[in-house]
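Derivation of every value follows stated rules applied to the coordinates shown; laboratory data play no part. Keep in mind the model is a prediction, meaning the values are calculated, not measured. Cβ sites come from the backbone with ideal geometry, for glycine too, and all protein chains shown count toward neighbours.
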Amino acid sequence: MTGIEIAAVITSVSSLVAAVGSAVGVVVSARNGRRIELVHLATNSMKDELVKVTGEQKYAEGLKHGEDNPREGRTP
């Protein structure tokens, strides 16, 4: 093999390595994107449940306070 042929082989191999690396990067990125979406959905579901429960609790506390203090907050 001549020097030119060796240089061509080295260039081809390095291009192949770069292409394989890029392909692996695309696969990993897609996989991470799906996992991030799952975490996003789970986090939103937990937040929605927390808001619901907190709202129900505060409403119940307000009703109890109103029953315990029937005249408070009213103008004569």
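See the values below:
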item	result
Filter result for E37 (surrounded by 10 or more Cβ atoms within 10 Å (Cβ to Cβ), charged (D, E, K, R) and in a helix (DSSP H, G or I))	yes
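Residues are listed down the side, and each one gets a yes or a no for (1) hydrophobic (A, V, I, L, M, F, W, C); (2) more than 29 Å from the chain's Cα centre (by Cα):
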{"site": "T2", "(1), (2)": "no, yes"}
{"site": "I10", "(1), (2)": "yes, yes"}
{"site": "A23", "(1), (2)": "yes, no"}
{"site": "V28", "(1), (2)": "yes, no"}
{"site": "E49", "(1), (2)": "no, no"}
{"site": "A60", "(1), (2)": "yes, yes"}
{"site": "G66", "(1), (2)": "no, yes"}
